[in-house]
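Participant: After the structure tokens below, expect a handful of questions from me.
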Amino acid sequence: MSSRFDILDMPLQGLKLLQCKPIGDHRGYLERIFCAEELHALIPNKTIVQINRTLTDKRGTVRGMHFQNPPYTETKFVSCLRGEVFDVAVDVRQGSPTFLHWHAEALSADNHKALVIPEGFAHGFQTLTDRCELLYLHTAAYKPEAEAGLNAQDPMLAIRWPAAIVELSFRDASHPLLTRDFSGVAV
């Protein structure tokens, strides 16, 4: 059986791009978003335990940069079901050679890509169209006591958002700017 995915390494170690291969005909297509058998190497000794869906109405909105602290760190599979987003992962792993570096990919309903964001990364996105829907598969359940975040406009991160930020939640805007003593997440 031929794989329904191509798995591509990204510039930050552990970050992967999953290119789904839909099968289609004149009626449309079937796209496999996840298969434990084919993707087990991306989440060894883990399973998907939570699936979330978001809808963001307005183009230019930024959500993030979110992560969970140990022992609730998680790997996320992020896919765009409608619209297009600039999806960003930031390495916050203690001692990583790419600590505080970021990488972004355009995810859309049309390009059939998913970003696989490993434990120890913060995640966020900017909507490039109105009415964007994302699907998240998580290897750990959300725990409010473990949630943390980076400020999406932090000059130390210098994320080059592709458009002016038109909306950012109070919670996301309230994440403090990083200081030199931020040592990251032990994973």
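Participant: Subtract the Cα-Cα distance of GLN50 and PHE99 from 0.36 nm times their separation in residues, and report this length gain in nm to one decimal.
Facilitator: Gain on extension, GLN50 to PHE99, equals 14.9 nm.
Participant: Identify which of LEU100, LEU39, LEU15 has the largest mean-square fluctuation in a Gaussian network model of the chain, with springs joining Cα atoms closer than 10 Å.
Facilitator: Most flexible of the set in this elastic network: LEU39.
Participant: Read phi for every residue in the stretch 121-126 and hand back ³J(HN,Hα) as whole Hz from Karplus 6.51 cos²θ - 1.76 cosθ + 1.60, θ = phi - 60°, with x for Gly and Pro.
Facilitator: For the stretch 121-126, the Karplus curve yields 10, 8, 9, x, 7, 10 Hz.
Participant: What's the carbon and sulfur percent of the stretch 1-140's accessible surface, probe 1.4 angstrom, rounded to a whole number?
Facilitator: Here carbon and sulfur together make up 51 percent of the probe-accessible area.
Participant: Now a separate question. Going highest first, how would you order 74-82, 147-155, 126-134 by mean Cβ packing within 10 Å?
Facilitator: For the peptides 74-82, 147-155, 126-134, the packing ranking is 74-82, 126-134, 147-155.
Participant: Bin width 10 Å, origin at 0, all Cα-Cα pairs of the stretch 25-87: what percent of pairs per bin?
Facilitator: 13, 39, 35, 11, 1
Participant: Between GLU145 and ILE165, take the C-beta separation as r, use R0 = 35 Å, and let me know the FRET efficiency to the nearest 0.05.
Facilitator: Taking R0 as 35 Å, the efficiency between GLU145 and ILE165 is 0.80.
Participant: Just to check I understand the Karplus step: with θ = phi - 60° and J = 6.51 cos²θ - 1.76 cosθ + 1.60, what whole-Hz values come out for the stretch 33-44, glycine and proline as x?
Facilitator: Once rounded to whole Hz, the list reads 8, 8, 8, 4, 5, 7, 10, 4, 5, 7, 9, x.
Participant: Kindly provide the helix-only [θ] at 222 nm of the chain, computed as the sum of -39,500 (n - 2.57) over DSSP H runs of four or more divided by all residues, to the nearest 500 deg cm²/dmol?
Facilitator: The helix contribution divided over the chain gives -500 deg cm²/dmol.
Participant: Continuing with the same structure: For the chain, would you read off the P(r) tail past 25 Å as a percentage of all alpha carbon pairs?
Facilitator: Pairs farther apart than 25 Å: 32 percent.
Participant: Amide H of THR139 versus every other amide H placed in the peptide plane: which residues, excluding those fewer than 5 positions away on the same chain, fall under 5 Å?
Facilitator: VAL49, THR75
Participant: Send over the per residue convex hull volume for the stretch 97-158, Cα only, as a whole number of Å³.
Facilitator: 136
Participant: Based on alpha-carbon centroids, what's the gap between the stretch 133-187 and the stretch 55-97 in Å, whole number please?
Facilitator: 8
Participant: Sort 61-72, 24-35, 3-14 by packing, meaning the average of other beta carbons within 10 Å per residue, with the highest value first.
Facilitator: By packing density, highest mean first, the sequence is 61-72, 3-14, 24-35.
Participant: Give me the 1.4 Å probe accessible area per residue for the chain, excluding ligands and nucleic acids, in Å².
Facilitator: 52
Participant: Okay, moving on. Working out 0.36 nm times the residue gap between MET10 and ASP57, then minus their Cα-Cα distance, what length gain in nm do you get to one decimal?
Facilitator: Gain on extension, MET10 to ASP57, equals 14.0 nm.
Participant: With θ taken as phi - 60° and the coefficients 6.51, -1.76 and 1.60, list the Karplus ³J(HN,Hα) couplings across the stretch 139-153 in order, rounded to whole Hz; mark glycine and proline as x.
Facilitator: So the J values, rounded to whole Hz, are 8, 9, 6, 5, 10, x, 5, 9, 5, 8, x, 10, 6, 4, 10.
The values are calculated or read from the model by the stated rules, or taken from the named source; none is laboratory data. Every value quoted in this text rests on a predicted model; they were computed, and no experiment measured them. Note that we place each Cβ from the backbone using ideal geometry, even for glycine, and neighbour counts take in every protein chain shown. The area values use the complete protein model at the heavy-atom level, side chains included, leaving out ligands, DNA and RNA. Shrake-Rupley method; radii C 1.70, N 1.55, O 1.52, S 1.80 Å.
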